[in-house]
1. Take the alpha-carbon centre of the range 41-74, take the same for the range 141-196, and report the distance between them in whole Å.
2. Once fully extended, how much extra length lies between residue 100 and residue 424, figured as 0.36 nm per residue of separation less the alpha-carbon to alpha-carbon distance?
3. Within the range 305-329, what residues put their amide N at less than 15 Å from the label point 7 Å along the Cα-to-Cβ vector of residue 345?
4. Can you put 216, 166 in order, fewest other beta carbons within 10 Å first?
5. With r defined as the distance between the Cβ atoms of residue 389 and residue 228 and R0 fixed at 51 Å, what FRET efficiency is calculated, to the nearest 0.05?
6. Just to be sure I understand the model, the point goes 7 Å from the Cα along the line to the Cβ. What's the resulting residue 25 to residue 240 distance in nm?
7. Under 1.5 on a/c is rounded, so check that first for the range 195-251, then, if it is not, pick prolate when a/b is larger than b/c and oblate when it is not; a ≥ b ≥ c are the square roots of the alpha carbon gyration tensor eigenvalues.
8. List 287, 176 from most exposed to least, where exposure is judged by having the fewest other Cβ atoms within 10 Å.
Ligand code: ATP
Ligand code: MG
């Protein structure tokens, strides 16, 4: 078990805690179910090569956790006592990345195996590299022993090591017990660990949803208290974390949990506000459908694009803004452009959305009013737009949730299926219902409130 030994530079988010471990529990090969057959060939190559060169080499983190659960790991991370420079000497196909804490990436074609040197507890990240008077960077106390490395990890179930030397699992923190109990427990003092890195709250929710685990009670309480710290996490870091939240195959569960723990409003404040207004009337929201759609696509091995996901997460406030602008007399096409730009400008204060995603996201939103234009050559032209397919999928979701006309969505489905003359017939002599000033995005029909809803 972990014992708190010393607590230094307390105060604010810089609190650090030093822990030491008793003897770890070693689970021999005969008593666990991790088989080399389930470890990727490349990861095994790296593990063996390190071992053959006299280093310690372990599989660690999610890889070990998932293998013990009988799940297929997303990736295989390796921890070693070899320094990054030593790792590079062992592998020709190796690149070192990172400045403060260097990691070795061993490349096998497109597959990359990440090798991290055991991390020490002595220093915070900020201090990992210091200048020594001559302008040279010195590394001090950055690397450590395996038990220190274990103590820096987030959850007990993520601090298990699979040792290639004897195929045993090393457990410093009762991780196996928690794994069997289906429980997420932070290492060390939860408050300190969440303050140190508030992203761990999102990780807790993500693992709980993905693995069907419960978050330990103390951790849970601190999530409710400390959620606001997410506002201090750099916006650029949150972009990736949010993608991991919703692209892990359990987006519906995750979405519900992130809202349950009241973390969603710190990530998407405008969406939260829009949802809070509607919730009672619309139990099945557009966002939830979009999340369900994402999970379904992933389970069918279909691609899911980050721009579609963000477009869905930000649609409710965009739509409301769009309606407002139209109500003020704006034409729907410039109104959607304005609405998208307003919502995005507010959102990037919280989460950076790189241009390569925000541009197609807005293009897709901007196409929504153009679906209304079904007369003449316009529908044909829309079909050739590079964003047509995504925008059409988006329209379907809108129609399913009752916000867009289902007749419109069906028309577009038929229109794509028809060829040549039939398409022409569909677009002949229609009243152009799109650009019209009077046309508004449909407000969803209000369902009468039920007793339990
Ligand atoms: P996934 O299945 O999503 O890959 P994972 O547990 O492997 O889950 P990673 O983000 O790949 O998650 O991180 C690998 C390991 O690094 C974790 O298992 C954990 O031990 C450690 N780790 C990652 N992020 C943190 C963090 N914010 N604080 C402490 N330890 C972390
Ligand atoms: Mg991982």
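1. Computed from Cα coordinates, the inter-centre distance equals 15 Å.
2. 110.4 nm
3. 318, 321-322, 325
4. Least crowded to most crowded, the residues run 166, 216.
5. Computed FRET efficiency for residue 389 and residue 228: 0.85.
6. 3.2 nm
7. Cα axes put the range 195-251 in the oblate bin.
8. Fewest-to-most Cβ neighbours within 10 Å comes out as 176, 287.
Rule-based calculations on the coordinates, nothing more; no lab input. Note that the coordinates shown come from a computational prediction; the quantities given were computed from them, not determined experimentally. Note that each Cβ is placed from the backbone with ideal geometry, even for glycine, and that neighbours are counted across all protein chains shown.
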